Amino acid sequence: MFKNGRGKKIALLVASLMTLMMLGGVVVQKQCAAEGSNDYDSIELFTDVLAIVKKSYVEEVDTKKLIYGAINGMLASLDPHSSFMPPDMYKEMRIDTKGSFGGLGIEITIKDGLLTVISPIEDTPAFRAGIKAGDQILKIEDKFTKDLTIMDAVKRMRGPKGTKVTLTIMREGFDKPKEFTLVRDIIQVKSVRYKTLDDGYGYVRIAQFQEKTDEDLSKALASLKQENGGSLKGLILDLRNDPGGLLDQAVKVADHFISDGLIVYTEGREKDSRMQFSARASGTEPNYPLVVLINSGSASASEIVAGALQDHKRAVIMGTQSFGKGSVQTIIPLSDESGLRLTTALYYTPSGRSIQAKGITPDIVVERAEIQATDRKEGHIREKDLENHFENEGKDKPENQAGKDKTPVHKIDEQLKGDYQVQRALDLLKGWEILKNINKD
């Protein structure tokens, strides 16, 4: 084929080079395969299963449905809070943060493999029906919840206003599971409520951290100060049964009461997951006494606020141990208008405490209890009940008499009046003021 020896030599050289290149290519290919073999093998396994199901399953199946199911399963294997949201759920989630959605008003999680109530949202069907933090939801209608993802459970509990749904609940103290039938409603969550409890003492309730929580809190504090002559002697910040919400709003709420220093920081694998949030000097509230109420239904954003105020020694934390959700979920929009809720970091209080699965421990533990008023004299006799007792002739000094005949402007509502934890917090604030004046004298 070749006309001379020179041509043969060239051909042999080319063949040798090609052999070396091929060998070299094989070496490189093997190295790449070795480096990523696990990932490539797993992806190949997935595509094999997908192809088999598409070809041989007894009924024809939709590819997108299979992919969504696979993503759900993958995220469910990570932690209780990571989840996939199809387009309709992703849309509802965005509505949720604005404070209006349809359903029952329950914040849920997976705990010890069981669907568990973090907290019922105040003034919702779940709250009114008596659903409590820590309740285990065993069934939704006739469907057992054991193998349901959180998003599947949410989807089953939501529905048109006026329709009914039955939850089978197991609770500590129950001999057997109990059924609760709830009527779905449009859930209008009012983030901030406030009231003057007594002259100079304010009460602020944050039910959930939404887009306008910081703005609503600013208005509430301004109104309370206006009602009380321009300043407050003390404030109760009620975060009980507050399941959390937006991280930035928690930071802004804490910033109202802390003038400088760290509020919270997060740690994760990616650089963007490692963040620090600090207080600003501007807009800080006066240093009046502050009591923060928490319980087992206080989670996530509410724990950030309580932890920051506790570490800065700005408030007394009162109530019971909080839920212990110390992870940060990032919402990632996907190409088909679905969304990914992925745990990307853990958050830490200013002193470096992680509250994940631990919670915030109150400075003063006060269990929930009911206060019942009574008009009974219980057999006690007072001076005014004795015959021929001296009447009070009203000779008090003017400064001691001032305000005694004044009708209280603020009347505490019956719900707060019978709330033992709120009353204990109010007593603490009043005692604080009394002791301060004693020290002055």
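Of the set (1) surrounded by fewer than 17 Cβ atoms within 10 Å (Cβ to Cβ); (2) farther than 30 Å from residue 212 by Cβ, all apply to residue 88 but (2). Hey, any hits in region 109-118 for a residue that's touching a residue at least 40 places away in the same chain (Cβ under 8 Å) and surrounded by fewer than 16 Cβ atoms within 10 Å (Cβ to Cβ)? No: region 109-118 contains no residue that is touching a residue at least 40 places away in the same chain (Cβ under 8 Å) and surrounded by fewer than 16 Cβ atoms within 10 Å (Cβ to Cβ).
Scanning region 240-268 for residues that are of a type in the set (Gly, Ala, Ser) and part of a loop (DSSP other than H, G, I, E, B) gives 244, 259, 261, 268. Taking into account only those residues within region 334-347 that are open to solvent by less than 50 Å² (accessible area, probe 1.4 Å) and hydroxyl-bearing (Ser, Thr, Tyr), which is farthest from residue 118 (Cα to Cα)? Out of the qualifying residues, it is 338. Just one of (1) modelled with pLDDT of 90 or more; (2) under 30 Å from residue 145 (Cβ atoms) fails for residue 88. It is (1).
Contact annotation: residue pairs with Cβ atoms under 7 Å, 6 or more positions apart or on different chains, pairing a residue in region 219-230 that is in contact (Cβ under 8 Å) with a residue 60 or more places away in the chain with a partner that is among the β-branched types (Val, Ile, Thr), are 227/196. Could you go through region 203-225 and let me know if any residue there is over 24 Å from residue 309 (Cα atoms) and either open to solvent by 50 Å² or more (accessible area, probe 1.4 Å) or touching a strand residue (DSSP E or B) at 6+ places or on another chain (Cβ under 8 Å) (or both). The answer is no; no qualifying residue exists.
Yes/no matrix, rows are residues, columns are (1) within 30 Å of residue 85 (Cβ to Cβ); (2) without any contact (Cβ under 8 Å) to a residue 40 or more places away in the chain; (3) surrounded by fewer than 18 Cβ atoms within 10 Å (Cβ to Cβ):
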| site | (1), (2), (3) |
| --- | --- |
| 254 | yes, no, no |
| 305 | yes, no, no |
| 321 | no, no, yes |
| 332 | yes, yes, yes |
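Scan region 215-237 and tell me whether some residue there is in a loop (DSSP other than H, G, I, E, B) and within 15 Å of the chain's Cα centre (by Cα). Scanning region 215-237 turns up no residue that is in a loop (DSSP other than H, G, I, E, B) and within 15 Å of the chain's Cα centre (by Cα). Within region 342-357, the presence of a residue that is more than 17 Å from the chain's Cα centre (by Cα), hydrophobic (A, V, I, L, M, F, W, C) and modelled with pLDDT of 95 or more is excluded.
Rundown of residues vs (1) outside any strand (DSSP E or B); (2) of a type in the set (Gly, Ala, Ser), yes/no style:
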site	(1), (2)
299	yes, yes
317	no, no
347	no, no
356	yes, no
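Taken across region 48-68, residues that are open to solvent by less than 90 Å² (accessible area, probe 1.4 Å), under 16 Å from residue 151 (Cβ atoms), touching a strand residue (DSSP E or B) at 6+ places or on another chain (Cβ under 6 Å) and in a helix (DSSP H, G or I) do not occur at all.
Filtering region 353-370 down to residues that are open to solvent by less than 90 Å² (accessible area, probe 1.4 Å) and among the hydrophobic types (A, V, I, L, M, F, W, C), which residue is nearest to residue 318 (Cα to Cα)? Here the residue is 364. Checked against (1) open to solvent by less than 10 Å² (accessible area, probe 1.4 Å); (2) touching a residue at least 40 places away in the same chain (Cβ under 8 Å); (3) under 17 Å from residue 289 (Cβ atoms), residue 182 meets all criteria but (3).
Screening region 71-166 for helices (runs of 4 or more DSSP H) wholly inside it with 3 or more residues that are closer than 23 Å to residue 342 by Cα returns the ranges 87-96, 150-157. Looking across region 280-297 at every residue that is part of a loop (DSSP other than H, G, I, E, B) and surrounded by 22 or more Cβ atoms within 10 Å (Cβ to Cβ), the one that is farthest from the chain's Cα centre (by Cα) is identified as 295.
For region 69-82, which residues satisfy the criterion of being among the polar types (S, T, N, Q) and open to solvent by less than 70 Å² (accessible area, probe 1.4 Å)? Scanning region 69-82 gives 72, 82.
Beta carbons closer than 9 Å, at least 6 apart along the sequence or on distinct chains, pair a first residue in region 188-199 that is open to solvent by less than 20 Å² (accessible area, probe 1.4 Å) with a second that is in a strand (DSSP E or B) and of a type outside the set (Phe, Trp, Tyr) for 189/100; 191/206; 191/245; 192/204; 192/205; 192/206; 196/202; 197/236.
The values are calculated or read from the model by the stated rules, or taken from the named source; none is laboratory data. What you see is a predicted model; the values in this text were computed from it and never measured. Don't worry about glycine lacking a Cβ; one is built from the backbone with ideal geometry, like all the others, and counts go over all protein chains shown. For the accessible areas, the whole protein counts, side chains as well, though only heavy atoms, and no ligand, DNA or RNA atoms are used. Shrake-Rupley method; radii C 1.70, N 1.55, O 1.52, S 1.80 Å.
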